[in-house]
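These notes are about the structure you will find just below.
The values are calculated or read from the model by the stated rules, or taken from the named source; none is laboratory data. All values reported here derive from a predicted model rather than from experimental measurement. Using ideal geometry, Cβ is built from the backbone for each residue, glycine included, and neighbour counts are taken over all protein chains shown. Accessible surface is based on the protein model in full, side chains and every heavy atom, while ligands, DNA and RNA are left aside. Shrake-Rupley method; radii C 1.70, N 1.55, O 1.52, S 1.80 Å.
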Amino acid sequence: MSLTNFPNGITSFGVPVIPGGIPFGKSSKAFFVDPVAGLDGNKGTDISRPLKTLSKAHSLCTSGANDVVFMISRTNTSSDTTDYQSAVLTWSKDACHLIGINAGGNVAQRSRIAQLSTATNIDNLFTVSGNNCIIANIHVFHGVADATSKGAVSVSGSRNHFINCHFAGIGHADMDTADNYSLSLSGSENLFEGCTIGLDTIARGSAANYEMVFSGGATRNTFKDCSVIGYAESATNYKFLKVAANGIDRWTLFKGCVFMNM
């Protein structure tokens, strides 16, 4: 079988699919992000000259083109693997894929999105409002000394596929506040596969908070082989899942999932 060459140095045998089963069309582009060595003044299409931030990479993507953003990890330390946010990171473009380049574990992956320690009042640190996106091997950590920041991840888009991601909310004792959460879901027909949702590093006290909140008529969402974890000292207030009024339309499927309270 002959080699097929695509833009930006990507080559495939025959079918235009890169590792991980990510769609890649004739007009697709690949962008590389390195939070340590990258510069947002680079084009980002050359792996030797990566961008620094995911927000810049997302701004360069074309909605519907099956562009792919690769987030490169360097070492095992958080400072070498994290894109720190001072505002909400919104992933709003359709068919714009985000892939973490790391060892591929399912807890605390080293391709990491986190809140800047000095930033405050950030709700839904990572918001996925786009549709038909693949997001894989990404760790979203929401843990700073700020009681005003609520929610690690919000998914309002539809037909997205989350693979091997960790959505870790309430990562600091000051964030153990009412109505905080790791994942808020209002979109439809999303698939979460092999993901970890929650944290077991912060003991929850008397505040009513959750690992997941379903709101806004979330429809036909599937969780497959996922782990939902927490560390609750108060059984009265802590819940794995909160479903708001009319929070689920039709059905939600949990297949082969584990719920663990340490």
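Scan segment 139-174 for residues that are hydroxyl-bearing (Ser, Thr, Tyr), open to solvent by less than 50 Å² (accessible area, probe 1.4 Å) and over 14 Å from GLU211 (Cα atoms) and jot them down.
As a first pass, look at segment 139-174 and keep what is hydroxyl-bearing (Ser, Thr, Tyr): 148-149, 154, 156, 158.
Narrowing the set further to residues that are open to solvent by less than 50 Å² (accessible area, probe 1.4 Å) leaves 149, 154, 158.
Those that are hydroxyl-bearing (Ser, Thr, Tyr), open to solvent by less than 50 Å² (accessible area, probe 1.4 Å) and over 14 Å from GLU211 (Cα atoms): SER149, SER158.
Mind listing whichever residues of segment 213-252 are more than 27 Å from ILE202 (Cβ to Cβ), hydrophobic (A, V, I, L, M, F, W, C), part of a strand (DSSP E or B) and out of contact with any Phe, Trp or Tyr (no Cβ under 7 Å at 6 or more places or on another chain)?
If the condition is that a residue be more than 27 Å from ILE202 (Cβ to Cβ), hydrophobic (A, V, I, L, M, F, W, C), part of a strand (DSSP E or B) and out of contact with any Phe, Trp or Tyr (no Cβ under 7 Å at 6 or more places or on another chain), then TRP251 is the only one that fits.
Select from segment 156-207 the residues that are assigned to a strand (DSSP E or B) and within 13 Å of ALA232 (Cβ to Cβ) and write down the one among them that is modelled with the lowest pLDDT. Working first, answer last.
Let us first name the residues in segment 156-207 that are assigned to a strand (DSSP E or B), namely 161-163, 166-168, 183-185, 188, 191-193, 196-198, 204.
Still in the running and within 13 Å of ALA232 (Cβ to Cβ): 198, 204.
On the way: GLY198: 96, ARG204: 87.
Among those residues, the one meeting the criterion is ARG204.
Based on what the data block shows, is SER73 open to solvent by less than 40 Å² (accessible area, probe 1.4 Å), hydroxyl-bearing (Ser, Thr, Tyr) and in contact (Cβ under 8 Å) with a residue 40 or more places away in the chain? Give the steps one after another, and end with the answer.
On the way: open to solvent by less than 40 Å² (accessible area, probe 1.4 Å): yes; hydroxyl-bearing (Ser, Thr, Tyr): yes; in contact (Cβ under 8 Å) with a residue 40 or more places away in the chain: no.
So SER73 does not fit the description; no.
So, in segment 246-262, how many residues would count as being without any contact (Cβ under 8 Å) to a residue 60 or more places away in the chain, more than 11 Å from ALA218 (Cα to Cα), of a type outside the set (S, T, N, Q) and open to solvent by 60 Å² or more (accessible area, probe 1.4 Å)?
Final tally of qualifying residues: 5.
Read through the list (1) open to solvent by 20 Å² or more (accessible area, probe 1.4 Å); (2) free of Cβ contacts under 8 Å to residues at least 60 places away in the same chain; (3) within 20 Å of ASN164 (Cα to Cα); (4) small (Gly, Ala, Ser), then give the number of the only condition that SER188 fails.
Of the numbered conditions (1) open to solvent by 20 Å² or more (accessible area, probe 1.4 Å); (2) free of Cβ contacts under 8 Å to residues at least 60 places away in the same chain; (3) within 20 Å of ASN164 (Cα to Cα); (4) small (Gly, Ala, Ser), the odd one out for SER188 is (2).
I need the full set of residues from segment 98-109 which are assigned to a loop (DSSP other than H, G, I, E, B) and open to solvent by 50 Å² or more (accessible area, probe 1.4 Å), in order please.
Going residue by residue through segment 98-109, those that are assigned to a loop (DSSP other than H, G, I, E, B) are 102-109.
Residues satisfying the conditions are ALA103, ASN106, VAL107.
Take segment 52-97 and flag every residue that is in contact with an Asp or Glu (Cβ under 6 Å, 6 or more places away or on another chain), assigned to a strand (DSSP E or B) and under 23 Å from LEU116 (Cβ atoms).
Matches in segment 52-97: ILE72 only.
Looking only at segment 122-137, filter to residues that are in contact with a Phe, Trp or Tyr (Cβ under 8 Å, 6 or more places away or on another chain) and assigned to a loop (DSSP other than H, G, I, E, B); which one of those is most open to solvent (accessible area, probe 1.4 Å)?
Step by step, filter segment 122-137, then rank; the result is SER129.
I need the full set of residues from segment 222-242 which are surrounded by 15 or more Cβ atoms within 10 Å (Cβ to Cβ), among the β-branched types (Val, Ile, Thr) and more than 19 Å from ALA108 (Cα to Cα), in order please.
THR222
Output the residues belonging to segment 23-40 that are of a type in the set (Gly, Ala, Ser) and open to solvent by less than 80 Å² (accessible area, probe 1.4 Å). Walk me through it before giving the result.
Within segment 23-40, the subset of a type in the set (Gly, Ala, Ser) is 25, 27-28, 30, 37-38.
Answer for segment 23-40, where residues must be of a type in the set (Gly, Ala, Ser) and open to solvent by less than 80 Å² (accessible area, probe 1.4 Å): GLY25, SER28, ALA30, ALA37, GLY38.
Look at SER48 and say whether it is among the hydroxyl-bearing types (Ser, Thr, Tyr) and either free of Cβ contacts under 8 Å to residues at least 12 places away in the same chain or part of a loop (DSSP other than H, G, I, E, B) (or both). Write out each step before concluding.
Numbers: among the hydroxyl-bearing types (Ser, Thr, Tyr): yes; either free of Cβ contacts under 8 Å to residues at least 12 places away in the same chain or part of a loop (DSSP other than H, G, I, E, B) (or both): yes.
Yes: the conditions hold for SER48.
For segment 71-85, indicate whether the set of residues that are at pLDDT 95 or above, charged (D, E, K, R) and closer than 27 Å to TYR210 by Cβ is non-empty.
So far as segment 71-85 goes, yes, one or more of its residues are at pLDDT 95 or above, charged (D, E, K, R) and closer than 27 Å to TYR210 by Cβ.
I'd like the full set of residues that are farther than 19 Å from THR177 by Cβ and either in contact with a Gly (Cβ under 6 Å, 6 or more places away or on another chain) or open to solvent by less than 30 Å² (accessible area, probe 1.4 Å) (or both), limited to segment 191-221.
Of everything in segment 191-221, those that are farther than 19 Å from THR177 by Cβ and either in contact with a Gly (Cβ under 6 Å, 6 or more places away or on another chain) or open to solvent by less than 30 Å² (accessible area, probe 1.4 Å) (or both) turn out to be PHE192, GLY194, CYS195, THR196, PHE214, GLY217, ALA218, THR219, ASN221.
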